[in-house]
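S.K.: The structure that follows is given in the form of structure tokens.
The values are calculated or read from the model by the stated rules, or taken from the named source; none is laboratory data. All of these numbers come straight from a predicted model, not from anything done at the bench. Heads up, the Cβs are rebuilt from the backbone with ideal geometry, glycines too, and the neighbour counts pull from every protein chain shown.
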Amino acid sequence: MKYEDLLCPSPAGLYCKPGDFYIDPVRAVERAVVTHGHSDHARSGHAKVLATRETLAIMGERYGENFAGAMQPLGYHEKAEINGVTVSLAPAGHVLGSAQAVVKWKGMTMVVSGDFKRRRDPTCALFEPVGCDVFITEATFGLPVFRHPPDTDEIAKLLKSVAQFPERAHLVGAYALGKAQRVICLLREAGYDKTIYVHGALERLNALYEAHGVKLGPLAPATAGKKADFAGAIIVAPPSATQDRWSRRFPDPVVCFASGWMRVRARARQGGVELPLILSDHADWDELTMTAAEIAPDELWITHGEEDALLRWASLNGQKARALSLVGYDEDEGEN
Amino acid sequence: MRAFARLLDSLAFTPSRNTKLTLVRDYLRETTDPERGWALAALTGVLTFDAAKPAFIRKAVEARVDPALFAMSYDFVGDLAETVALIWPSKPGANREPELPEVIDALRSASRNEVQRLLEGWLDALDPDGRWALLKLLTGALRVGVSARLAKLALADLGHVEVAEIEEVWHSQRPPYEDLFAWLEKRSDKPSPDAPARFRPVMLAQAIDEATDFAKYDAADYAAEWKWDGIRVQAASERGEKRLYSRTGDDIGHAFPDVMAALNFEGVIDGELLVMTGGRVDTFGDLQQRLNRKNPEAKTIAKFPAGIRAYDLLMDGKEDLRGLPFAQRRKRLEAFIAQLKSSRIDLSPLQPFESWEQLAHLRAQPPDGDPQIAEGLMLKRWDSIYEAGRPKGPWFKWKRDPHLIDAVLMYAQRGHGKRSSFYSDYTFGVWREDANGDRSLTPVGKAYFGFTDEELKQIDKFVRDNTIERFGPVRSVRADREFGLVLEVAFEGLQRSTRHKSGVAMRFPRINRIRWDKPSREADELQTLERMLD
Ligand SMILES: [Zn+2]
Ligand SMILES: [Zn+2]
């Protein structure tokens, strides 16, 4: 029996033949297991969806109540049977509700990491390694130059700049799901208790996080008030909004961007970012290699991202590995 | 180092001059002496270093990181210093993080070899931002847009004084500017603007654009002199204080006690530091025996005696000549040097000429003697005042065309980064005749630039198609009297070398042209090269 008999790449995404379901399919299918709510992993229109309660809530918020024919919530560590295949979900530490899909069948265990990181994040549960025969890892930051610094350092950078330029606004670009709430939480943990202003596109997800017990502190819409009112303020907005007309309502804004890509200076410069904040919800190189070494699967399958370098690492470390070329996961422009 | 790295990073990302000013001012306020002064000197280009070449840095990183992983990373990041800074495996707790003043101290006093030894320990101890700042500092690539003007504004802001007050004392101050900070922080009086033997900012020449400049300018307006192949210096001797400065204001007197002993005058001379024996100039290679040696042995000094060939006179006694036109300064200089009667300080002669054509001829065929090894010509407007910086128009440098030889490709090595999949480093050789009259190739140099991407692909294909042997990343290619690829190699100079089998070493060799048309047996002979020796 081959591992490919249980899970194999297909044009619609990773397909489980014996269970007849897809994991994070990129188009509408009969039955889907969804690892987390980012739009490149969670699409609408499936007949049946299995995911954590939080992920289902996020999908409902984004696509409307009827985003799928039927929804099957599954808590972390609970088990579900799909056509004789056992499926469970383990925390992935990526965003609220994010999970690794653990698939067992005829004594074989395969784990799909989805997107993951290993560091503590006040907005979601910590990643749990699960022993398996095949670990299908993401590789968004799969190059040894990606070594994310401690998040406290990056938040300190932001707060220092706010103190240094009290006449300017600080406009922080952060992905609407996960990153925005994490930035706000980290600011609170660093002792920043002033009102944080938020772009309208974040409001519903912020409320959803609050409803799931993630405390964000005093927030206000970034629309009310005169330009001068925002001097010295921190505003959180989706990355696209920081560069368009919308940003002109703020006094001489310092454009910040919270992303793992900010590790590479050319990326920050291309984006017109004045204060890059290296904050990522994806594992960096050390986390990726440490996780693969810790789980030590029989085979490591590598998907979306920089597959070549991780393959090279695997060969240097005697780890059997292959690259899965799955299409449709847009890590560069999408939500990371 | 951390605060300095943070500052550099912020400066690099902000386009706004006002923001830069605030960043520099706040850094100066929050940082102690002498770190802030050294940082200021490094930011404004008063101090620049050239302590480590990219090739050395690559070698160091490839000893610690898998070369394939490094190549993929370099390809993605695109900047060598940044790639190395990010990928360097940190050794937490291995070493104490170096402080900026100790790094600068080492860079100013240690030899390049010593610095390279220190570098790896520093990289081990720093975080990625610190490593990035260090590498940029070491390779002289701190381009963060801090002009001297901006630095002065930040200082004025720091001390709540007018910028004119800073200007007045600026040139009497040397890094790390402790007196200046003491005054700005009201801990002492204003420093005297009139420190004897202080550094005067140097006037530099623009490279001439042969295509346009000669049409624009009248030959009669310019004086011409040789551009000597040493290092530009300023020798100051005032009221008992004697200093020898590099053109960036570094005090290099300690390395040249013989020159210091010859500064028996009252004034400031601008000139070229050279090794000179019996009134004749020796090669840059000889001068290199003296550079980067903090305390040279008497033996070395005797073998490579240094001196100054004077270009200009900035101070004659107490009189500041910098506002006078070059024609007048030149007359004063001639008189000044004649009166000195020094064997260590002589005059750089002017080369009279009538027309640009005549000058071009002179440059192409310099007269016998010292001009043979000059770097080229300098053109100075007769009416030009001595103006700090590199103004366009008053001074031009017109370097000599490089030397060219035809050599045969012998070995090729894989490149790095974007070129890691190509054979892009080439060792080439020329023919040498042995005792039996047989000719074989002897390697004379290595070049890895000068060709286009298209040419790179062509040579790469040639290498792969004609490989004889492979050892690691290197391939030897077929090169004999019947077959081989001829490369036209350009280089700046040639020195005797005992380290090379051929006995010669090239300066800045690069591929000028690929001579697909030329039979390998018609490439140059070693004798031709030997005649080109400096
Ligand atoms: Zn995601
Ligand atoms: Zn993803």
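S.K.: Need the failing condition index for residue B:416 against (1) closer than 30 Å to residue B:208 by Cα; (2) at pLDDT below 85, just the number.
M.R.: (1)
S.K.: Being within 16 Å of ligand 1 (Cβ to nearest atom), within 14 Å of chain B (Cβ to nearest Cβ) and modelled with pLDDT under 95 is true for just one of A:305, A:271, A:260. Which residue is that? Can you show your working first?
M.R.: Working: A:271 fails: within 16 Å of ligand 1 (Cβ to nearest atom); A:260 fails: modelled with pLDDT under 95.
Going through A:305, A:271, A:260 in turn, just one is within 16 Å of ligand 1 (Cβ to nearest atom), within 14 Å of chain B (Cβ to nearest Cβ) and modelled with pLDDT under 95: A:305.
S.K.: Please determine, by comparing only the residues of segment B:517-532 that are within 12 Å of residue B:494 (Cα to Cα) and of a type in the set (D, E, K, R), which one is surrounded by the fewest Cβ atoms within 10 Å (Cβ to Cβ).
M.R.: Ranking the qualifying residues of segment B:517-532, first place goes to B:531.
S.K.: Among the residues of segment A:1-12, are any within 16 Å of ligand 1 (Cβ to nearest atom) and within 22 Å of the chain's Cα centre (by Cα)? Walk me through how you get there before you give the answer.
M.R.: Kept after step one, since they are within 16 Å of ligand 1 (Cβ to nearest atom), are these residues of segment A:1-12: none.
Taking every residue of segment A:1-12 in turn, none turns out to be within 16 Å of ligand 1 (Cβ to nearest atom) and within 22 Å of the chain's Cα centre (by Cα).
S.K.: Which ones in segment A:131-147 are within 10 Å of another protein chain (Cβ to nearest Cβ), in contact with a Lys or Arg (Cβ under 9 Å, 6 or more places away or on another chain) and buried (at least 22 other Cβ atoms within 10 Å of the Cβ)? Break it down stepwise before answering.
M.R.: Step one: list which residues in segment A:131-147 are within 10 Å of another protein chain (Cβ to nearest Cβ), which gives A:142-147.
Filter once more, keeping what is in contact with a Lys or Arg (Cβ under 9 Å, 6 or more places away or on another chain): A:145-147.
The answer is A:145, A:146.
S.K.: Scan segment A:92-110 residue by residue and report those that are more than 16 Å from ligand 2 (Cβ to nearest atom) and not in a loop (DSSP other than H, G, I, E, B). Before the answer, list the steps.
M.R.: Our first condition is that a residue be more than 16 Å from ligand 2 (Cβ to nearest atom); within segment A:92-110, this holds for A:102-110.
A:102, A:103, A:104, A:105, A:108, A:109, A:110, listed by residue number.
S.K.: Restricting to segment A:185-199, and then to whatever is closer than 23 Å to residue A:124 by Cβ and among the β-branched types (Val, Ile, Thr), can you tell me which residue is surrounded by the fewest Cβ atoms within 10 Å (Cβ to Cβ)? First the steps, then the outcome.
M.R.: Pass one, segment A:185-199, residues closer than 23 Å to residue A:124 by Cβ: A:185-193, A:196, A:198-199.
Cutting the leftovers down to among the β-branched types (Val, Ile, Thr) gives us A:196, A:198.
Working: A:196: 23, A:198: 26.
Within segment A:185-199, the match that is surrounded by the fewest Cβ atoms within 10 Å (Cβ to Cβ) is A:196.
S.K.: Quick check on my filter: what residues within segment B:306-327 are out of contact with any helix residue (DSSP H, G or I) (no Cβ under 6 Å at 6 or more places or on another chain) and without any contact (Cβ under 8 Å) to a residue 60 or more places away in the chain?
M.R.: Of everything in segment B:306-327, those that are out of contact with any helix residue (DSSP H, G or I) (no Cβ under 6 Å at 6 or more places or on another chain) and without any contact (Cβ under 8 Å) to a residue 60 or more places away in the chain turn out to be B:307, B:317, B:318, B:319, B:320.
S.K.: Select, from A:167, A:154, A:128, A:210, the only residue that is surrounded by fewer than 13 Cβ atoms within 10 Å (Cβ to Cβ) and away from ligand 2 (no atom under 16 Å from the Cβ).
M.R.: The conditions single out A:167.
S.K.: While we're here: Go through segment B:176-185 and report how many residues are surrounded by fewer than 21 Cβ atoms within 10 Å (Cβ to Cβ) and either at positive phi or touching a residue at least 40 places away in the same chain (Cβ under 8 Å) (or both).
M.R.: The qualifying residues number 1.
S.K.: Mind checking which helices (runs of 4 or more DSSP H) fall wholly inside segment B:257-304 and carry at least 1 residues that are more than 19 Å from the chain's Cα centre (by Cα)? Step through it out loud before you land on a result.
M.R.: Details: elements: B:257-260, B:284-288, B:298-303.
It comes to B:257-260, B:298-303.
S.K.: Considering only segment A:1-46, state which residues are acidic (Asp, Glu) and farther than 15 Å from residue A:134 by Cβ.
M.R.: Step one: filter segment A:1-46 for residues acidic (Asp, Glu), giving A:4-5, A:20, A:24, A:30, A:40.
Across segment A:1-46, the qualifying residues are A:20, A:24, A:30, A:40.
S.K.: I've got another one for you. Only residues that are surrounded by fewer than 16 Cβ atoms within 10 Å (Cβ to Cβ) and at pLDDT 85 or above: list them for segment B:285-300, please.
M.R.: B:297, B:298, B:299, B:300
S.K.: Among B:81, B:51, B:5, which is the only one that is within 14 Å of chain A (Cβ to nearest Cβ), closer than 26 Å to residue B:247 by Cβ and touching a residue at least 60 places away in the same chain (Cβ under 8 Å)?
M.R.: Numbers: B:51 fails: within 14 Å of chain A (Cβ to nearest Cβ); B:5 fails: closer than 26 Å to residue B:247 by Cβ.
Of B:81, B:51, B:5, the one residue that is within 14 Å of chain A (Cβ to nearest Cβ), closer than 26 Å to residue B:247 by Cβ and touching a residue at least 60 places away in the same chain (Cβ under 8 Å) is B:81.
S.K.: I would also like to ask the following. Is it true that residue A:62 is basic (Lys, Arg), touching a residue at least 24 places away in the same chain (Cβ under 8 Å) and within 16 Å of ligand 2 (Cβ to nearest atom)? Write out each step before concluding.
M.R.: Working: basic (Lys, Arg): yes; touching a residue at least 24 places away in the same chain (Cβ under 8 Å): yes; within 16 Å of ligand 2 (Cβ to nearest atom): yes.
Spelling it out, residue A:62 is indeed basic (Lys, Arg), touching a residue at least 24 places away in the same chain (Cβ under 8 Å) and within 16 Å of ligand 2 (Cβ to nearest atom).
S.K.: Of (1) of a type in the set (A, V, I, L, M); (2) surrounded by 22 or more Cβ atoms within 10 Å (Cβ to Cβ); (3) more than 30 Å from residue A:108 (Cα to Cα); (4) at the interface with another protein chain (Cβ under 10 Å from one of its Cβ atoms), residue A:277 satisfies all except one. Which?
M.R.: (4)
S.K.: Could we say that residue A:202 is over 30 Å from residue A:102 (Cα atoms), within 14 Å of another protein chain (Cβ to nearest Cβ), touching a strand residue (DSSP E or B) at 6+ places or on another chain (Cβ under 7 Å) and surrounded by 16 or more Cβ atoms within 10 Å (Cβ to Cβ) here? It would help to see each step written out before you state the result.
M.R.: On the way: over 30 Å from residue A:102 (Cα atoms): yes; within 14 Å of another protein chain (Cβ to nearest Cβ): no; touching a strand residue (DSSP E or B) at 6+ places or on another chain (Cβ under 7 Å): yes; surrounded by 16 or more Cβ atoms within 10 Å (Cβ to Cβ): yes.
No; evaluated as a whole, the condition is false for this residue.
S.K.: What about residue A:70, is it modelled with pLDDT of 95 or more, of a type outside the set (Asp, Glu) and within 16 Å of ligand 2 (Cβ to nearest atom)? Working first, answer last.
M.R.: Details: modelled with pLDDT of 95 or more: yes; of a type outside the set (Asp, Glu): yes; within 16 Å of ligand 2 (Cβ to nearest atom): no.
For residue A:70, the condition - modelled with pLDDT of 95 or more, of a type outside the set (Asp, Glu) and within 16 Å of ligand 2 (Cβ to nearest atom) - is not met.
S.K.: Pick out the one residue from A:41, A:46, A:36 that is within 16 Å of ligand 1 (Cβ to nearest atom), assigned by TED's automatic domain parsing to the domain that holds residue A:324 and out of contact with any Leu (no Cβ under 9 Å at 6 or more places or on another chain). Spell out how you get there, then give the answer.
M.R.: Working: A:46 fails: within 16 Å of ligand 1 (Cβ to nearest atom); A:36 fails: out of contact with any Leu (no Cβ under 9 Å at 6 or more places or on another chain).
Answer to the selection: A:41.
S.K.: Additional query: Got a sec? Which strands (runs of 3 or more DSSP E) wholly within segment A:7-57 have at least 2 residues that are under 20 Å from residue A:90 (Cα atoms)? Working first, answer last.
M.R.: On the way: elements: A:8-10, A:13-16, A:21-23, A:31-33, A:48-51.
Of the strands (runs of 3 or more DSSP E) lying wholly inside segment A:7-57, those with at least 2 residues that are under 20 Å from residue A:90 (Cα atoms) span A:13-16, A:21-23, A:31-33, A:48-51.
S.K.: Which of the helices (runs of 4 or more DSSP H) found entirely inside segment B:1-77 contain at least 3 residues meeting this: surrounded by fewer than 16 Cβ atoms within 10 Å (Cβ to Cβ)?
M.R.: Working: elements: B:2-13, B:17-30, B:35-43, B:54-62, B:67-77.
Correct list: B:17-30, B:54-62.
S.K.: For residue B:229, all conditions in the list (1) among the charged types (D, E, K, R); (2) touching a residue at least 60 places away in the same chain (Cβ under 8 Å); (3) under 23 Å from residue B:165 (Cβ atoms) hold save one; what is the number of the exception?
M.R.: Result: residue B:229 passes all but (3).
S.K.: Going through B:68, B:85, B:81, B:60 one at a time, which residue ends up being over 21 Å from residue A:266 (Cα atoms) and either under 25 Å from the mean Cα position of the chain (by Cα) or aromatic (Phe, Trp, Tyr) (or both)? Steps first, please.
M.R.: Working: B:68 fails: either under 25 Å from the mean Cα position of the chain (by Cα) or aromatic (Phe, Trp, Tyr) (or both); B:85 fails: over 21 Å from residue A:266 (Cα atoms); B:81 fails: over 21 Å from residue A:266 (Cα atoms).
Step by step, each of B:68, B:85, B:81, B:60 is checked, and only B:60 is over 21 Å from residue A:266 (Cα atoms) and either under 25 Å from the mean Cα position of the chain (by Cα) or aromatic (Phe, Trp, Tyr) (or both).
S.K.: Which count do you get for residues in segment A:54-73 that are surrounded by 14 or more Cβ atoms within 10 Å (Cβ to Cβ) and over 11 Å from residue A:35 (Cα atoms)?
M.R.: Kept after step one, since they are surrounded by 14 or more Cβ atoms within 10 Å (Cβ to Cβ), are these residues of segment A:54-73: A:54-63, A:67-68, A:71-73.
Narrowing further to those that are over 11 Å from residue A:35 (Cα atoms): A:57-63, A:67-68, A:71-73.
Qualifying residue count for the region: 12.
S.K.: Among the residues of segment A:284-298, are any modelled with pLDDT under 95, within 16 Å of ligand 2 (Cβ to nearest atom) and surrounded by 15 or more Cβ atoms within 10 Å (Cβ to Cβ)?
M.R.: Checking segment A:284-298: not a single residue is modelled with pLDDT under 95, within 16 Å of ligand 2 (Cβ to nearest atom) and surrounded by 15 or more Cβ atoms within 10 Å (Cβ to Cβ).
S.K.: Taking residue A:217, is it of a type in the set (Gly, Ala, Ser), without any contact (Cβ under 8 Å) to a residue 12 or more places away in the chain and either farther than 30 Å from residue B:85 by Cα or more than 14 Å from chain B (Cβ to nearest Cβ) (or both)? I'd like the intermediate steps shown before the answer.
M.R.: Details: of a type in the set (Gly, Ala, Ser): yes; without any contact (Cβ under 8 Å) to a residue 12 or more places away in the chain: no; either farther than 30 Å from residue B:85 by Cα or more than 14 Å from chain B (Cβ to nearest Cβ) (or both): yes.
Considered against the rule, which asks whether it is of a type in the set (Gly, Ala, Ser), without any contact (Cβ under 8 Å) to a residue 12 or more places away in the chain and either farther than 30 Å from residue B:85 by Cα or more than 14 Å from chain B (Cβ to nearest Cβ) (or both), residue A:217 comes out as no.
S.K.: Which residues, counting only those in segment B:215-226, are surrounded by 19 or more Cβ atoms within 10 Å (Cβ to Cβ) and either in contact with a helix residue (DSSP H, G or I) (Cβ under 8 Å, 6 or more places away or on another chain) or at pLDDT below 95 (or both)?
M.R.: B:224, B:226
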